[in-house]
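Throughout, read-outs are computed from the coordinates displayed, never taken from laboratory work. The structure presented is a predicted model; accordingly, all values stated were derived computationally and were not measured. All Cβ positions, even for glycine, are placed from backbone atoms using ideal geometry, and neighbour counts span all protein chains on display.
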Amino acid sequence: MNAKVTVYSKPNCQQCKMTYLGLERAGVEYAVVDITEKPEALRYITEDLGYSQAPVVVDEHTDENHWSGFRPDKITALAK
């Protein structure tokens, strides 16, 4: 089972939990990376991608499809 997207998240993040639920309901496979445990992941989403809030969702099939926050519209688009 390969992850289709990676969700960069942190503990006790409500938007992160909603993103997981949305991805599951849409049938999108995902892997979770806890940015509080992996400093290199935090640097990636803040310095390379320019985000300052979790979750950050990155489509592993393209470097250009990523977003921050709970985005049901983006999740629906991934499922198609």
Practice task
Give segment 1-42 a look and list any residue that's touching a helix residue (DSSP H, G or I) at 6+ places or on another chain (Cβ under 6 Å), more than 17 Å from Lys74 (Cβ to Cβ) and part of a strand (DSSP E or B), or say none.
Solution key: Val33
Exercise for the section: Take segment 1-52 and flag every residue that is on the phi > 0 side of the Ramachandran plot and free of Cβ contacts under 8 Å to residues at least 24 places away in the same chain. Expected result: Asn12, Gly50
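When the residues of segment 1-45 are filtered to those that are of a type in the set (S, T, N, Q) and touching an Asp or Glu at 6+ places or on another chain (Cβ under 8 Å), which remaining residue is nearest to His66 (Cα to Cα)? First the steps, then the outcome.
If we filter segment 1-45 for residues that are of a type in the set (S, T, N, Q), which is where we start, we get 2, 6, 9, 12, 14-15, 19, 36.
Remaining after also requiring touching an Asp or Glu at 6+ places or on another chain (Cβ under 8 Å): 2, 6, 9.
Values: Asn2: 18, Thr6: 9, Ser9: 14 Å.
Ranking the candidates gives Thr6 first.
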Completion exercise
Output for Cβ contacts, cut-off 8 Å, separation at least six or different chains, first residue closer than 23 Å to Thr36 by Cα in segment 53-80, second part of a loop (DSSP other than H, G, I, E, B) and hydroxyl-bearing (Ser, Thr, Tyr), reads Ser68/Tyr51; Ser68/Ser52
Problem - segment 43-80, subset part of a loop (DSSP other than H, G, I, E, B) and in contact with a Pro (Cβ under 8 Å, 6 or more places away or on another chain), residue surrounded by the fewest Cβ atoms within 10 Å (Cβ to Cβ) - result: Gly69
